[in-house]
Amino acid sequence: MDNLHHIVVVGGGAGGLELVTSLGNRLGRKKRARITLVDSGLTHVWKPLLHEVASGSLDANANEINYRAHARKHHYEFQLGRMTGLDRQTKHLVIAPFHDEDGTEVVPERRIAYDTLVMAVGSTANDFGTPGAQDHCLFLDSLKQARRFHNLMLNAFLRKNHEALQGGQHTLHINIIGAGATGVELAAELRLASRELPVYGMNHLQASDVSITVIEAADRILPALPGRLSAAATRELERQSVKVLTGQPVNEIRTESVVMKDGTELPSEMTIWAAGIKAPGFLTALEGLETNRSNQLVVEQTLQTTADPDIYAFGDCAACPQPDSELTVPPRAQAAHQQADALFKTLCNRLEGKPAIPFVYNDHGSLINFSRYTTVGNLMGNLSGRSMYIEGRVARLFYVSLYRMHQVALHGFLRTGIIWLMDRISRAMHPRLKLH
């Protein structure tokens, strides 16, 4: 194994895990290359589902993938740890020491040699330096944060239910800063939770007692998507009694309030930041690699970094140019999926001395899911030849298929079919909302 070409992928998100799965099945199984995945967590949950984990609509325990078990089935290795440094001269990456919950060092700092390095570390929330955001906001960048959000939400509902029983003031104010896809979909999931929890014992608290507000600095929600889709999403949020504030930049986050730029102060027991993303900050300190203002690694169209042809980057952490456009590839799940496919072909070609595959992004449209209420979206590009607006059950079917496509990439069609059947059985046997 030591003599094999060693491909190290850092980051087990949607794109990274799909890439190592394909590489392991093609190259690792036939001992043509050694494949290693490095991630700071033990399990994977598709990031677009984290808002459902946070609200309790999705049980993460039933949907997470253990990296070690998956690695064994798909012929790659897994290293637990957080990358902190890079030595390009000796071609080693540095992994920070791993500590247990008590702070005891379990594994010391390590150095992992590579022949080809792929960075797929995703993105984190960008609070743009807003005062109080780091101290008083909740974020949904990781499974750990989503689980913490869920516990805090249940406790907030329980507290307000008790206050209602005592006859006191019991309105729960929830403010979501940022009306991109995550913010809008989270608002719908929280409205569902406010209607479901009274069914399971919190019957002194009504859905009308939970005030949910989505705040967007731009003049409309979903500003990156077509206007028709934005308008439909606004109507649906208002139909679900979610307040929509647009053209309202946030100036400061306080313990129990949100202060707008015009001085208006909104009460807020729970404040969620979903307004922007940036790549992890440690990328800017990697030896000699070019980054942009959003901390993204600047890459060529082949996904190779501009400073080192042996280092690739893709997904949210990479700024990839596109032909005939001044814009880079948008940080979206479908882009990471397409890049993983292209990079798989490139790395296979690399071992055979063949040229890299230039990546060209195909926008297939956007879908916004409003929990169990409805789904709206537009299809475009290769799917329809032109932009086509869809909503309702048809849109919901397309939305669900995105996750199933991710599962097929990781497990294959047969295993995904079994997982789908198990999901159906689980929904029939368990509460509609995770209650712990």
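Numbers at a glance
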{"quantity": "Residue list for the range 249-280, filter: within 25 Å of the chain's Cα centre (by Cα) and without any contact (Cβ under 8 Å) to a residue 60 or more places away in the chain", "calculated": "249"}
{"quantity": "Every residue from the range 258-275 that is among the polar types (S, T, N, Q) and over 9 Å from residue 136 (Cβ atoms)", "calculated": "264"}
{"quantity": "Residue 395 touching a helix residue (DSSP H, G or I) at 6+ places or on another chain (Cβ under 8 Å) and open to solvent by less than 20 Å² (accessible area, probe 1.4 Å)", "calculated": "no"}
{"quantity": "Condition check for residue 40: of a type in the set (Ser, Thr, Tyr), in contact (Cβ under 8 Å) with a residue 24 or more places away in the chain and closer than 17 Å to residue 411 by Cα", "calculated": "no"}
{"quantity": "Yes/no for residue 53 being touching a residue at least 40 places away in the same chain (Cβ under 8 Å), open to solvent by less than 30 Å² (accessible area, probe 1.4 Å) and within 19 Å of residue 313 (Cβ to Cβ)", "calculated": "no"}
{"quantity": "First in the range 89-115 and hydroxyl-bearing (Ser, Thr, Tyr), second anywhere and part of a strand (DSSP E or B), Cβ under 6 Å, 6 or more apart", "calculated": "114/6; 114/8"}
{"quantity": "Residue list for the range 26-47, restricted to those being under 24 Å from the mean Cα position of the chain (by Cα), part of a loop (DSSP other than H, G, I, E, B) and hydrophobic (A, V, I, L, M, F, W, C)", "calculated": "42, 45, 46"}
{"quantity": "Residues (among the small types (Gly, Ala, Ser) and either buried (at least 16 other Cβ atoms within 10 Å of the Cβ) or over 21 Å from residue 180 (Cβ atoms) (or both)) located in the range 245-265", "calculated": "257, 263"}
{"quantity": "Candidates 349, 362, filtered to the one that is open to solvent by 40 Å² or more (accessible area, probe 1.4 Å), outside any strand (DSSP E or B) and more than 19 Å from residue 296 (Cβ to Cβ)", "calculated": "362"}
{"quantity": "Every residue from the range 81-93 that is in a strand (DSSP E or B) and crowded, with 16+ Cβ neighbours inside 10 Å", "calculated": "83, 86, 92, 93"}
{"quantity": "Residue match in the range 206-226 (condition: of a type in the set (A, V, I, L, M, F, W, C), closer than 17 Å to residue 373 by Cα and part of a helix (DSSP H, G or I))", "calculated": "yes"}
{"quantity": "Count of the range 308-334 residues which are closer than 14 Å to residue 279 by Cβ and not charged (D, E, K, R)", "calculated": "11"}
{"quantity": "Selection from the range 277-324 of residues that are within 20 Å of residue 39 (Cα to Cα), open to solvent by less than 10 Å² (accessible area, probe 1.4 Å) and of a type in the set (Val, Ile, Thr)", "calculated": "311"}
{"quantity": "Strands (runs of 3 or more DSSP E) enclosed by the range 94-182 - at least 1 residues per element that are modelled with pLDDT of 95 or more, open to solvent by less than 60 Å² (accessible area, probe 1.4 Å) and more than 27 Å from residue 204 (Cβ to Cβ)", "calculated": "110-113, 116-119, 172-177"}
{"quantity": "Flag if residue 261 is under 19 Å from residue 193 (Cα atoms) and not β-branched (Val, Ile, Thr)", "calculated": "no"}
{"quantity": "Where residue 200 falls short, out of the listed (1) under 20 Å from residue 271 (Cβ atoms); (2) out of contact with any Asp or Glu (no Cβ under 6 Å at 6 or more places or on another chain); (3) open to solvent by 20 Å² or more (accessible area, probe 1.4 Å); (4) among the hydroxyl-bearing types (Ser, Thr, Tyr)", "calculated": "(1)"}
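Yes/no matrix, rows are residues, columns are (1) more than 18 Å from residue 139 (Cβ to Cβ); (2) in contact (Cβ under 8 Å) with a residue 40 or more places away in the chain:
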position: 176; (1), (2): no, yes
position: 180; (1), (2): no, yes
position: 185; (1), (2): no, yes
position: 202; (1), (2): yes, yes
position: 221; (1), (2): yes, yes
position: 235; (1), (2): yes, no
position: 245; (1), (2): yes, no
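The values are calculated or read from the model by the stated rules, or taken from the named source; none is laboratory data. Fair warning: this is a prediction, and the values are worked out from it, not measured in the lab. Because the Cβ atoms are built from the backbone with ideal geometry, glycine has one as well, and the counts that use them run over all protein chains shown. Quick note on the areas: whole protein, heavy atoms, side chains included, nothing else; ligands and nucleic acids left out. Shrake-Rupley method; radii C 1.70, N 1.55, O 1.52, S 1.80 Å.
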